[in-house]
Amino acid sequence: MNQLSDRINNLSTSATLAMAAKARELRAEGKDIIGLSLGEPDFNTPDFVKDAAIQAVNDNYNSYTPVDGYGELKDAIITKFKRDNNLDYTRTQIVVSTGAKQALFNIASVMLNPGDEVILPCPYWVSYSDIVKLQEGVPVEVKTDIKNDFKMTADQLRAAITPKTKMIWYSSPCNPSGSVYSKAELRALADVLQDHPNIYVVSDEIYEHINFIGGHYSMANFEDMYNRTITVNGVSKAFAMTGWRIGYIGAPETIARACNKIQGQVTSGANCIAQRAVISALEADPSRIQYMVDEFKERRKLILGLLDDIDGFITNEPEGAFYVFPNVSAYFGKTIKGKTINNASDMAMFLLEAANVATVTGEAFGNPNCIRISYAASQEQIIEAIRRIKTALG
Ligand code: PMP
Ligand code: GLU
């Protein structure tokens with residue numbers, strides 16, 4: 001007898017979290033593993049945010065919060081959306097969740113009926129397809145080209161739309177490619193959607209501040225897209241707050257209300273202390289976190305230079321986030337140190353075993369030719385990791 005539901009049996013384990021767990025396990029066995037698998041800033045949460053959390057504990061913030069978030073936090077989110085994105089939202093359009101991941105889960109739960117299609121430009125963030133499948137939605141992968149910086153074109157979008165298309169989900173800056181959609185590129189996609197007024201867009205902007213080219217544009221900035229765009233954001237990446245678990249959306253009111261309803265039955269809302277701390281994070285001027293962005297930019301330059309030196313790794317220049325996504329297919333079919341590498345998963349496993357470096361297979365992101373390397377690690381670790389990879393492959 002199978003104890004578990006078909007739903008859970010059909011769900012993949014998160015490849016990013018699985019690789020991080022595997023690296024942790026090997027480290028516990030005494031192996032010197034360099035972890036470049038997890039998309040997690042290696043900085044501490046800024047002191048001014050930690051102080052706000054300590055204050056909240058001392059001020060006895062210990063009760064249930066409003067299910068969709070404290071009013072003051074919603075006001076800080078509204079201020080942030082206006083200041084950074086020139087987007088106007090009201091309190092009834094904001095929902096605070098336990099990470100952007102839960103925000104995405106909420107959206108899928110409240111918007112998808114079985115069989116509804118969700119267009120995912122590939123590579124996409126690892127959890128999108130499984131969150132969609134969990135609601136019996138159908139992920140529709142649109143393969144993009146490294147020559148176009150892994151961005152979906154208007155023609156590709158047009159070709160992927162069917163009468164069942166409900167939504168498009170993308171991240172910009174993109175995890176895992178680091179690509180940033182320009183205003184013109186988003187406009188071209190929005191133009192295609194003019195013929196399809198019932199299709200919604202989920203714009204995941206969690207890496208907004210980790211942008212090396214300047215110029216972040218939101219789909220909701222277009223007046224004709226505002227009422228059918230859900231803007232997803234959070235503090236995990238920009239404020240080095242992955243464990244605090246706070247994300248949020250700005251959305252059409254009906255969708256926000258539905259997300260509130262589902263949280264009311266599932267979590268009762270996000271953690272109270274974390275919510276208070278995030279008020280101070282979002283009220284702060286983004287210049288206060290610039291030192292982290294500057295360091296990521298240095299590391300990007302470093303890792304791109306080092307990867308350039310590895311035969312058969314083809315890498316585009318990421319414009320944001322903290323990942324590189326090299327195409328490693330030149331190695332497929334080759335046997336190195338007795339191990340045959342037939343795909344990206346073999347390559348990630350080979351690098352873990354032969355170089356003691358944890359990366360993530362591109363297959364998890366819908367691109368089986370690439371691996372994802374996170375450079376949210378110190379420059380010393382990056383130098384040593386790429387040296388090991390080069391030696392192992394050499
Ligand atoms: N979206 C993207 C693109 C991500 O990389 C992540 C990373 N965790 C998330 C959403 C979820 O972030 P969190 O739940 O930590 O807010
Ligand atoms: N988003 C991060 C990543 O892609 C964290 C892991 C996760 O949430 O799955 O590595």
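When region 20-53 is filtered for residues that are of a type in the set (A, V, I, L, M, F, W, C), more than 19 Å from residue 325 (Cα to Cα) and surrounded by 13 or more Cβ atoms within 10 Å (Cβ to Cβ), the ones remaining, listed by number, are 21, 23, 26, 33, 43, 48, 49, 52, 53.
Among the residues of region 103-125, not a single one is buried (at least 20 other Cβ atoms within 10 Å of the Cβ), closer than 13 Å to residue 276 by Cα and within 16 Å of ligand 1 (Cβ to nearest atom).
What about residue 131, is it within 16 Å of ligand 2 (Cβ to nearest atom), touching a helix residue (DSSP H, G or I) at 6+ places or on another chain (Cβ under 6 Å) and either touching a residue at least 60 places away in the same chain (Cβ under 8 Å) or not polar (S, T, N, Q) (or both)?
Working: within 16 Å of ligand 2 (Cβ to nearest atom): yes; touching a helix residue (DSSP H, G or I) at 6+ places or on another chain (Cβ under 6 Å): yes; either touching a residue at least 60 places away in the same chain (Cβ under 8 Å) or not polar (S, T, N, Q) (or both): yes.
Considered against the rule, which asks whether it is within 16 Å of ligand 2 (Cβ to nearest atom), touching a helix residue (DSSP H, G or I) at 6+ places or on another chain (Cβ under 6 Å) and either touching a residue at least 60 places away in the same chain (Cβ under 8 Å) or not polar (S, T, N, Q) (or both), residue 131 comes out as yes.
Filter region 306-359 down to the residues that are small (Gly, Ala, Ser) and either crowded, with 22+ Cβ neighbours inside 10 Å or under 22 Å from the mean Cα position of the chain (by Cα) (or both) and list them by number.
Applying the first criterion (small (Gly, Ala, Ser)) to region 306-359 yields 312, 320-321, 329-330, 333, 338, 344-345, 348, 354-355, 358.
If the condition is that a residue be small (Gly, Ala, Ser) and either crowded, with 22+ Cβ neighbours inside 10 Å or under 22 Å from the mean Cα position of the chain (by Cα) (or both), then 320, 321, 344, 345, 348, 358 are the ones that fit.
Across region 194-226, the number of residues qualifying as buried (at least 18 other Cβ atoms within 10 Å of the Cβ), assigned to a loop (DSSP other than H, G, I, E, B) and of a type in the set (S, T, N, Q) comes to 1.
Of everything in region 145-167, what is outside any helix (DSSP H, G or I) and farther than 22 Å from residue 372 by Cβ? Give them in sequence order.
Just the residues of region 145-167 that are outside any helix (DSSP H, G or I), to begin with: 145, 149-153, 161-167.
Scanning region 145-167 gives 153, 161, 162, 163, 164, 165, 166, 167.
How about region 1-19: which of its residues are touching a Leu at 6+ places or on another chain (Cβ under 7 Å), more than 22 Å from residue 378 (Cα to Cα) and surrounded by 12 or more Cβ atoms within 10 Å (Cβ to Cβ)? Correct list: 11 only.
Within region 349-360, being in a helix (DSSP H, G or I) and either of a type outside the set (Gly, Ala, Ser) or closer than 27 Å to residue 205 by Cα (or both) holds for 349, 350, 351, 352, 353. Contact map, region 9-26: residues that are within 14 Å of residue 348 (Cβ to Cβ) and near ligand 2 (Cβ under 9 Å from one of its atoms) paired with residues that are in a loop (DSSP other than H, G, I, E, B) and small (Gly, Ala, Ser), Cβ distance under 6 Å, separation 6+ or inter-chain. Pairs shown: 19/37; 20/37. For region 227-338, which strands (runs of 3 or more DSSP E) that fit wholly inside it have 2 or more residues that are within 20 Å of residue 178 (Cβ to Cβ) and within 16 Å of ligand 2 (Cβ to nearest atom)? Counting at least 2 such residues, we get 229-234.
Checking the condition surrounded by fewer than 23 Cβ atoms within 10 Å (Cβ to Cβ), more than 11 Å from ligand 1 (Cβ to nearest atom) and among the small types (Gly, Ala, Ser), which residue from 243, 250, 264 passes? Before you say what the answer is, go through the steps one by one.
Numbers: 243 fails: more than 11 Å from ligand 1 (Cβ to nearest atom); 250 fails: surrounded by fewer than 23 Cβ atoms within 10 Å (Cβ to Cβ).
After ruling out the rest, the residue left standing is 264.
Would you call residue 220 under 16 Å from residue 80 (Cβ atoms), small (Gly, Ala, Ser) and away from ligand 2 (no atom under 16 Å from the Cβ)?
Details: under 16 Å from residue 80 (Cβ atoms): yes; small (Gly, Ala, Ser): yes; away from ligand 2 (no atom under 16 Å from the Cβ): yes.
When the stated conditions are applied, residue 220 passes them.
Is it the case, given these coordinates, that residue 291 is of a type in the set (Ser, Thr, Tyr), away from ligand 1 (no atom under 16 Å from the Cβ) and over 30 Å from residue 84 (Cβ atoms)? Answer is no for this residue. Among the candidates 383, 279, 389, 289, the residue that is at pLDDT 95 or above and touching a strand residue (DSSP E or B) at 6+ places or on another chain (Cβ under 9 Å) is uniquely 389. Residue by residue through region 82-103, note down the ones that are within 22 Å of residue 64 (Cα to Cα) and hydrophobic (A, V, I, L, M, F, W, C). If the condition is that a residue be within 22 Å of residue 64 (Cα to Cα) and hydrophobic (A, V, I, L, M, F, W, C), then 94, 95, 96, 100, 103 are the ones that fit. Selection of first residues in region 53-77 that are over 17 Å from residue 102 (Cα atoms) and of second residues that are assigned to a loop (DSSP other than H, G, I, E, B), restricted to Cβ pairs under 6 Å at least 6 apart or on distinct chains, gives the following pairs, ordered by first then second residue: 64/268.
Only a single item in (1) in a loop (DSSP other than H, G, I, E, B); (2) away from ligand 2 (no atom under 16 Å from the Cβ) is not met by residue 176, and it is number (2).
The values are calculated or read from the model by the stated rules, or taken from the named source; none is laboratory data. Please read these numbers as outputs of a predicted model, since none were measured by experiment. All Cβ positions, glycine included, derive from the backbone under ideal geometry; neighbour counts span all protein chains shown.
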